[in-house]
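Everything below concerns the one structure shown next.
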Amino acid sequence: MSLFNMGDKAYIMLADGRIFEGCSFGAKGTSFGEIVFATSMTGYEETLSDPSYYGQIVTQTFPLIGNYGVNDEDYESADSVVSGYIVREWCNAPSNFRSQGNVDEFLKKHNIIGIHSVDTRCLTRIIREHGVMNGVITTENIYEKKDEFLKQINDFKIVNAVKSVTAKEIKDYKAENPLYNVVLYDFGYKYNIRRELLKRGCNVTVVPASATAEQVKALNPDGIMLSNGPGDPSENTEVINELKKLIEYKIPTFGICLGHQLMALANGAKTEKLKYGHRGANQPVIDISHDMTFVTSQNHGYAVINESIPSDKGEVSHKNANDGTCEGVRYKNFPCFTVQFHPEACGGPKDTAYLFDEFIDLIKKNKEDK
């Protein structure tokens, strides 16, 4: 039996006018976004439900997507905010005892336009050489609207990303055997961050990105977690200002991905947009203090500039083994460390979930010193 249905025509157009033809699955319509590629062999459910992909049309480099179906226990958020989904082949007959449906049904449920039977290798090479490009994914006749679409592609920009995905209200989650209370700043957090904290005995209070330093302090947390999230970190000036205030309270803090970038900006460092970002479950990261290299899961288009970190405030703790970009910072001015990758995502045989244990140790030591 065929692994995929051919379906109706669908199209991708890049900012340089190049067009890819394929077949439609998921929702119908037209959507604009940044076209990026993700290199994971598995984990497409997590990719589709990761809020960090807000405003982006995701290309999966692995050629077959959907063979183990989808199930809501593996989602990283309640919704999907990708702007489109591009695959070589999708499997309409998944085989997995946990499967509750297929990728096509998932895309339709969340109104996401998908395209398959595309040369994803060629598309990835273009993005890798040129850099992240704006584009459009559509089930309309692209040749009839090419000029109109090109203008909209060039005008497209991701804005208000964090505001679009953050929680609307404060919500509490209780651990079975609570030891500590942790405030989780929601910049578009992945559920597994919360799960990792809960299983280590942390009651978790999720707060919106708009929460002030005073509101967070009033919750009397033993620790603060800064989550991942989408968009340009420097756009979040209000959040950065609140983090500057939180530094003065010297509450143990752990930042992941966007949280890592925002804390760096709050300490006077700078960020830059990468040519095509790091997205996938196979990014090698060197932990400098442990003198070890770990395989990590990542999803980001910006990075902290190594040389911009003030030496009196922090130092680089992790580096990307491929391009040398900053993958972690340990701070000297208050009890805090941050990483660019996702330690909650189980990225390799020697995973970096130990960082959650280090966060717990930081909280414990801080309480003992008081």
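The values are calculated or read from the model by the stated rules, or taken from the named source; none is laboratory data. Just so it is clear, the model here is predicted, and its values are computed rather than measured. Don't worry about glycine lacking a Cβ; one is built from the backbone with ideal geometry, like all the others, and counts go over all protein chains shown. Quick note on the areas: whole protein, heavy atoms, side chains included, nothing else; ligands and nucleic acids left out. Shrake-Rupley method; radii C 1.70, N 1.55, O 1.52, S 1.80 Å.
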Exercise. Of these, Ile240, Ile286, Ile247, which one is farther than 14 Å from Tyr331 by Cβ, touching a helix residue (DSSP H, G or I) at 6+ places or on another chain (Cβ under 8 Å) and at pLDDT 95 or above?
Worked result: Ile240
Problem set entry | Leading residue by the ranking (least open to solvent (accessible area, probe 1.4 Å)) among those in segment 278-296 that are more than 20 Å from Thr253 (Cα to Cα) and among the charged types (D, E, K, R) | Arg279
For this session: Within segment 41-81, track down each residue that is small (Gly, Ala, Ser), open to solvent by 10 Å² or more (accessible area, probe 1.4 Å) and over 19 Å from Asp186 (Cβ atoms).
Result: Gly43
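In the list Ile137, Ile153, Ile126, Ile158, which residue meets the criterion of being under 27 Å from Leu274 (Cα atoms), assigned to a strand (DSSP E or B) and either touching a residue at least 40 places away in the same chain (Cβ under 8 Å) or not hydrophobic (A, V, I, L, M, F, W, C) (or both)? If you could, list the steps in order and put the result at the bottom.
On the way: Ile153 fails: assigned to a strand (DSSP E or B); Ile126 fails: assigned to a strand (DSSP E or B); Ile158 fails: assigned to a strand (DSSP E or B).
Residue meeting the stated conditions: Ile137.
Taking segment 140-150, which residues are of a type outside the set (Phe, Trp, Tyr) and either assigned to a loop (DSSP other than H, G, I, E, B) or surrounded by fewer than 20 Cβ atoms within 10 Å (Cβ to Cβ) (or both)? Walk me through it before giving the result.
Narrowing segment 140-150 to residues of a type outside the set (Phe, Trp, Tyr): 140-142, 144-148, 150.
Matches in segment 140-150: Glu140, Asn141, Glu144, Lys145, Lys146, Asp147, Glu148, Leu150.
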Exercise. Which is open to solvent by less than 10 Å² (accessible area, probe 1.4 Å), modelled with pLDDT of 95 or more and touching an Asp or Glu at 6+ places or on another chain (Cβ under 8 Å), of Gly33, Gly84, Gly26, Gly22?
Worked result: Gly26
For this session: Looking at (1) touching a His at 6+ places or on another chain (Cβ under 8 Å); (2) more than 30 Å from Leu14 (Cα to Cα); (3) of a type in the set (A, V, I, L, M, F, W, C), find the lone condition where Ile240 falls short.
Result: (1)
Seminar exercise, completed: Flagged in segment 346-369 as open to solvent by less than 50 Å² (accessible area, probe 1.4 Å), in contact with a helix residue (DSSP H, G or I) (Cβ under 9 Å, 6 or more places away or on another chain) and not in a helix (DSSP H, G or I), in numbering order, are Thr352, Ala353
For this session: Name every residue in segment 87-120 that is free of Cβ contacts under 8 Å to residues at least 60 places away in the same chain, surrounded by fewer than 20 Cβ atoms within 10 Å (Cβ to Cβ) and of a type in the set (A, V, I, L, M, F, W, C), in order of residue number.
Result: Phe97
Seminar exercise, completed: Selection from segment 247-266 of residues surrounded by fewer than 24 Cβ atoms within 10 Å (Cβ to Cβ) and out of contact with any Leu (no Cβ under 7 Å at 6 or more places or on another chain) yields Ile247, Glu248, Tyr249, Lys250, Ile251, Leu265
Exercise. So which helices (runs of 4 or more DSSP H) stay within segment 189-294 end to end and still have 1 or more residues that are among the hydroxyl-bearing types (Ser, Thr, Tyr) and closer than 29 Å to Val36 by Cα?
Worked result: 191-198, 237-249
Exercise. When only residues in segment 160-195 that are closer than 17 Å to Ile240 by Cβ and of a type in the set (Gly, Ala, Ser) count, which is surrounded by the fewest Cβ atoms within 10 Å (Cβ to Cβ)?
Worked result: Ala161
